[in-house]
Amino acid sequence: MKKNILALVLVSFSFSVVYAFDFENDLEFNNGSSALNIPSPNRLIDKSVSSKVSSSSVTDGEGFDSSLPKTPPPDTVLYRVMSDEENVSKGGIADADDFDIASIDDIKYFDIVTKAAEEQGFDRELVLAIIMKESRFNARAKSSVGAVGLMQLMPDTARWLGLKNTSKLTDPETNVRYGIKYMRYLFSEISPDVDYSNLSKEDVSRQEIIKSIAAYNCGPGNVKKYDKHPYDGIPPFKETKNYVKKVPLYFIHFEDLLSSK
């Protein structure tokens, strides 16, 4: 009778273990007569926790390394290919003139931008201003020269920054993370003395910051090429000259909007 009770207890215990553990890395113990497979305690399954961790820390399927590249950028990054009018081909508006966002609720992907900016210590409102100018918050926007997503990253730029699968650039979180990483690189090259973590309205009128904004549009190589008077770091490209006017204006709009919330 005692043997039967013990057997039932063991069977009951084994079913509890099966329910609680995964079997990919089970441990096998041998008592000399028979082997007993016991799942490893490191394989505890908690679908709710694991999904939250993966969605917050890894969104591009590869992980994200925020450290800046140690290798110099390729020429396709230094001298971004410019079109006469870089229009967005899939529903976005690359050259919007009107700021039509009335409240924080109207800002698409606001939480994604806020989180990514905080993670990398970069000014959120400048990121929002760049997105407004680049894609008008259209995550699937694609320009005539191949720039993709919210921050209109070129695939070559994203690869140099560490993204292996550039098809992920249409994913908002991936695009924003790598777009901010690129902005951090540009500031480190063009405006190394600027604290880009919390910019003010007055800051975006400073020439060294305007040059970094210009570099996002036309490439840091072009900014350095035209660094002397009379250009002072703003290349004589129609699109870039328009860009460095619009982004600071959008920045000020976002500053006013978010400071009043």
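Readers should treat all values here as calculations from the given coordinates under stated rules, not as data from a laboratory. No experiment lies behind these values; they were computed from the predicted model shown. Cβ sites come from the backbone with ideal geometry, for glycine too, and all protein chains shown count toward neighbours.
Classify the range 58-259 as rounded, prolate or oblate, taking a ≥ b ≥ c as the square roots of the eigenvalues of its Cα gyration tensor: rounded when a/c is under 1.5, otherwise prolate if a/b is larger than b/c and oblate if not. Numbers along the way, then the final one.
Numbers: a/c = 1.21, a/b = 1.05, b/c = 1.15.
Rounded, since a/c falls under 1.5.
Can you list residues whose amide H is under 5 Å from S144's amide H, if they're 5+ apart or on another chain and H is modeled 1.01 Å from N?
For S144, whose amide H was placed from the backbone, the distant partners under 5 Å are N87, S89.
Let me see the P(r) profile for the range 135-201: every Cα-Cα distance counted, bins of 5 Å, each bin given as a percent of all pairs.
Taking all Cα pairs of the range 135-201, the binned fractions are 4, 18, 26, 20, 16, 12, 4, 0 percent.
On a 29 Å Cα-Cα criterion, which of the cross-link pairs K224/K246; K168/K228; K115/K228 come out too long? Let's see the in-between values first.
On the way: K224/K246 21 Å; K168/K228 38 Å; K115/K228 37 Å.
Listed pairs above 29 Å: K168/K228; K115/K228.
Starting at the first residue of the range 237-244, write each ³J(HN,Hα) from the Karplus equation 6.51 cos²θ - 1.76 cosθ + 1.60 with θ = phi - 60°, in whole Hz, x for Gly and Pro.
Here the 3J(HN,Hα) series is 9, 4, 5, 5, 5, 5, 4, 6 Hz.
If packing is taken as the average count of other Cβ atoms within 10 Å, what order do 113-124, 140-151 fall into, highest mean first?
Working: 113-124: 18.8, 140-151: 21.2.
Highest to lowest by the protection proxy: 140-151, 113-124.
Using packing as a proxy for protection, rank 152-159, 73-80 so that the peptide with the highest average count of other Cβ atoms within 10 Å comes first. Before the final figure, lay out each step's value.
Values: 152-159: 22.0, 73-80: 17.1.
Final packing ranking: 152-159, 73-80.
In what sequence, highest mean first, do 207-220, 187-200, 242-255 appear when ranked by Cβ atoms within 10 angstrom? Intermediate results must be reported in sequence, preceding the final value.
Details: 207-220: 23.2, 187-200: 15.4, 242-255: 19.6.
Result, highest mean Cβ count within 10 Å first: 207-220, 242-255, 187-200.
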